[in-house]
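**Student:** Okay, here's the structure, questions in a sec.
The values are calculated or read from the model by the stated rules, or taken from the named source; none is laboratory data. Nothing here was measured: the structure is a model prediction, and the numbers come from that model. Note: ideal-geometry Cβ built from the backbone for every residue, glycine included; neighbour counts use all protein chains shown. Ligands, DNA and RNA are stripped out before the accessible areas are found, and what is left, the full protein with its side chains, is counted by its heavy atoms. Shrake-Rupley method; radii C 1.70, N 1.55, O 1.52, S 1.80 Å.
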Amino acid sequence: MGADVVAELERMILDQNGDAAIALVNDQRPFEARILGLNLAPNAVTDPQIGDVVVKSGVATRVTRGRVDGIGRYFLTYQISGFAQRLGFDGFYIIPLDPSNPANQEISAPGDSGAVWIKDGTAAVVGLHVAGDAAGSQACGEYAIACSATNVFKALNIEPWPAGS
């Protein structure tokens, strides 16, 4: 096992429930349950509501906040076995806190996929980051898309990290 391998894929989904996977962490490196930059360990899963403020810590954009602006079925095109396939999943749409986005805040970028969106002010996961607007889009066109955490956790048969662990 190489020094960069920190977990082994256990199972995954790519269907109407979302685009997600669960891996079993090995003992090659220390494990920290708290999310970098947020200093919290998710301990619950809940559904988002229109208007909720959500926050994530992504590899590309670091800590970003947005507002849930839509809930429904979202369609993305994936390359599967060399063929483009359009898949729909249940999730939600996130926009900047100020829809005009005067500071041109990027709330998502390539590399953020898989980051958990947390309901701000809680430790409850509402979604997993899946996609966002194209690089260089207009500031007022900034958005992110997440799949529903309740669907993902149910489909993968997982529970949140126990509080206080």
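**Student:** When segment 11-70 is examined, which residues are found to be acidic (Asp, Glu) and open to solvent by less than 40 Å² (accessible area, probe 1.4 Å)? Break it down into steps so the answer makes sense when it comes.
**Tutor:** If we filter segment 11-70 for residues that are acidic (Asp, Glu), which is where we start, we get 15, 19, 27, 32, 47, 52, 69.
The answer is Asp52, and nothing else.
**Student:** Considering segment 13-57 alone, what residues qualify as being in contact with a Gly (Cβ under 7 Å, 6 or more places away or on another chain) and among the hydroxyl-bearing types (Ser, Thr, Tyr)?
**Tutor:** Answer for segment 13-57, where residues must be in contact with a Gly (Cβ under 7 Å, 6 or more places away or on another chain) and among the hydroxyl-bearing types (Ser, Thr, Tyr): just Ser57.
**Student:** Just one of (1) under 21 Å from Ala33 (Cα atoms); (2) without any contact (Cβ under 8 Å) to a residue 12 or more places away in the chain trips up Ser113, so point out which.
**Tutor:** (2)
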